[in-house]
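Worksheet: one structure, shown below.
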Amino acid sequence: MRVLVSGGAGFIPSHLCEVLLSQGHEVVAVDNFVTGHRRNLQTLLVHPNFSFVEADVTKELPVAGRVDRVFHMASPASPIDYVQLPFETLYCGSDATRIALDRCRKDGARFLLASTSEVYGDPLVHPQPESYWGNVNPIGPRSVYDEAKRFAEAVTMAYHRYHGVETRIVRIFNTYGPRMRENDGRVMPAFISQALRRQPLTVFGDGQQTRSFCFVDDNVRGLLGLMESDLAEPCNIGNPHEMTMLELAEYINEYTGNPAGVVHRPLPQDDPTQRKPIIDRARATFGWEPRVGFAEGIERTVAYFRGIVQL
Ligand code: UDP
């Protein structure tokens, strides 16, 4: 198949492109490097079935020829990114989603929206099933991301219902692994790079807030499984292994032998207190569940950061 991946120079999408190529597909990635990185394309650009188009997907999708599948992955995706890039974030969810859906309608292609666990906001239901409608602050600092993704889900369902486009919606929970940006502000790259530099890890608030981390290989297998399933309803993809941020900090300090401990910093506004996916839908529909354990995932991620962190 010929597969278009928006945001192809990003963390998860670059891994997705790699797996698609290994399965024999032709892949066209589109990115404008607003948060993606050229370095993530290095292994892809040498592949004969890969091509890259530099473009702003909120304005256009200048890819010639028919495509069979569109993975709409483009968006700033870390809290500091979407605070610095509020309009890019809003338009990735709105304009870029509409443009990609129009393309699918024209080409008869199947569409997958990368949505997010952020549609659940600061969840009052725990753990989160897809049937939960969420608890989102519509005007808070995170709202440009959360509400853009909620709009993106709505416009995706509208194209499905009114135009008959084959659509898929994945709600991606916290994902980690090689190629995360060192300075994107997210907890994994922050803690790992601090630990490698023998600095104290910056725990926000009391560190009792929880997240559930999924290794990127498992995530990509989930995206591919969902795309080829017949599920038009949203589908959680994440690892239900939940931990507090203090537990995460202690694990990383112990694994890296960092003696510097932790320092506490103020908790950002609207920081969700808990997050854990229910993955029954993915398991029942396309037999997906995570395979990479936390210890292995951390080992592979720390190995990557050892290669890029300046000590
Ligand atoms: N966090 C932290 N220290 C950091 C960065 C993040 O304690 O240096 C916390 C943050 O407050 C949140 C959790 O780690 O509770 C996950 O944050 P991240 O930005 O990775 O993702 P998200 O909040 O979108 O789940």
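The values are calculated or read from the model by the stated rules, or taken from the named source; none is laboratory data. None of these values were measured; they are calculated from a predicted model. Methodologically, a virtual Cβ is constructed for each residue, glycine included, from the backbone with ideal geometry; neighbour enumeration extends over all protein chains shown. Areas reflect the complete protein model, heavy atoms only, side chains present, ligands, DNA and RNA absent. Shrake-Rupley method; radii C 1.70, N 1.55, O 1.52, S 1.80 Å.
Across the accessible surface of the chain, with the other protein chains kept in place and a 1.4 Å probe, carbon and sulfur atoms take up 52 percent. Shape class of region 247-311 from the Cα gyration tensor (axes a ≥ b ≥ c, square roots of the eigenvalues): oblate, since a/c reaches 1.5 or more and a/b does not exceed b/c.
Once R0 is set to 45 Å, what does the formula 1/(1 + (r/R0)^6) return for the Cβ-Cβ distance between residue 263 and residue 42, expressed as a FRET efficiency to the nearest 0.05? Calculated transfer efficiency: 0.80. Surface analysis of region 90-223 yields an accessible area of 36 Å² per residue, using protein heavy atoms and a 1.4 Å probe. Derived scalar couplings between HN and Hα for region 110-124 equal 8, 10, 10, 9, 7, 9, 8, 5, 5, 5, 7, x, 8, x, 8 Hz in order, rounded to whole Hz, by the Karplus curve 6.51 cos²θ - 1.76 cosθ + 1.60 (θ = phi - 60°), x for Gly and Pro.
Given R₀ = 35 Å, what would the calculated FRET efficiency be for residue 55 paired with residue 310, taking r from the Cβ atoms and rounding to 0.05? Present the calculation step by step, with values, prior to reporting the outcome.
Working: r = 31 Å, r/R0 = 0.90.
Here the calculated transfer efficiency is 0.65.
Across region 83-153, the mean sequence separation of Cα contacts (distance under 8 Å, 6 or more residues apart), normalised by length, yields a relative contact order of 43 percent. Identify all aspartates and glutamates with a Cα-Cα distance to residue 106 below 16 Å; exclude those on the same chain that are fewer than 8 residues away in sequence. Here the aspartates and glutamates satisfying the reach criterion relative to residue 106 are 60, 68, 166. Could you tell me which of rounded, prolate or oblate describes region 169-233, using a ≥ b ≥ c as the square roots of the eigenvalues of the alpha-carbon gyration tensor, with rounded for a/c under 1.5 and, failing that, prolate when a/b is larger than b/c and oblate otherwise? Prolate is the answer for region 169-233, as a/c is 1.5 or above and a/b outweighs b/c. Around the Cα centre of region 72-119, unit charges on the Cβ atoms of Lys, Arg, Asp and Glu (plus for the first two, minus for the last two) sum to a dipole of about 300 debye. For region 135-147, backbone phi angles converted through the Karplus equation (6.51, -1.76, 1.60; θ = phi - 60°) give residue-by-residue couplings of 9, 10, 7, x, 10, x, x, 8, 5, 4, 7, 4, 6 Hz, Gly and Pro being listed as x.
With a ≥ b ≥ c taken as the square roots of the eigenvalues of the C-alpha gyration tensor of the chain, please select rounded if a/c is under 1.5 and otherwise prolate if a/b is larger than b/c or oblate if it is not? Prolate. Relative to one another, the C-alpha centroids of region 69-99 and region 37-56 are positioned 20 Å apart. What you get for the chain, charging only the Cβ of Lys and Arg (+1) and of Asp and Glu (-1), is a dipole of about 420 debye around the Cα centre. Taking every C-alpha pair closer than 8 Å and separated by at least 6 residues, the mean separation divided by the residue count of the chain gives a relative contact order of 17 percent.
What's the FRET efficiency of residue 80 with residue 229 using the Cβ-Cβ distance as r and R₀ = 30 Å, to the nearest 0.05?
Details: r = 34 Å, r/R0 = 1.13.
It comes out at approximately 0.35.
Summarising the label geometry, the points placed 7 Å from Cα in the beta-carbon direction at residue 244 and residue 285 lie 3.5 nm from one another. Think of the chain as a dipole: +1 on every Lys or Arg Cβ, -1 on every Asp or Glu Cβ, centred on the Cα centre; then among 175, 9, 154, 9 lies furthest on the positive end.
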